[in-house]
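Worksheet for the structure shown next.
The values are calculated or read from the model by the stated rules, or taken from the named source; none is laboratory data. Just so it is clear, the model here is predicted, and its values are computed rather than measured. Neighbour counts are summed over all protein chains in view; Cβ atoms, including those assigned to glycine, are modelled from backbone coordinates with ideal geometry. To get the accessible areas, we keep the full protein, side chains included, count just its heavy atoms, and leave off ligands, DNA and RNA. Shrake-Rupley method; radii C 1.70, N 1.55, O 1.52, S 1.80 Å.
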Amino acid sequence: MIKLRQMINEANSSLGEIATLEAALQAKYANVLDELQFYYDAFTDGIFLTDLYIKEEYRRQGWGAKIM
């Protein structure tokens, strides 16, 4: 039971980190970013950027690499 509660607390903490990271990236790259999607894996306690969409007019200019 304690392990599950600890995992839930870590997940909630990580979800807050995802929101903070997403907000920071959206603010910094608002003109070129179309959408970001993240995934949190509770078992590895890892946050993964799964999708990074660049607005069409900025594609093939290296923005994805710069953001990563």
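Which ones in segment 16-43 are open to solvent by 90 Å² or more (accessible area, probe 1.4 Å) and not in a strand (DSSP E or B)?
Answer for segment 16-43, where residues must be open to solvent by 90 Å² or more (accessible area, probe 1.4 Å) and not in a strand (DSSP E or B): Glu17, Thr20, Lys28, Phe43.
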Quiz item: In this structure, does Met68 turn out to be in contact with a strand residue (DSSP E or B) (Cβ under 9 Å, 6 or more places away or on another chain), exposed (fewer than 10 other Cβ atoms within 10 Å of the Cβ) and modelled with pLDDT under 90?
Solution: yes
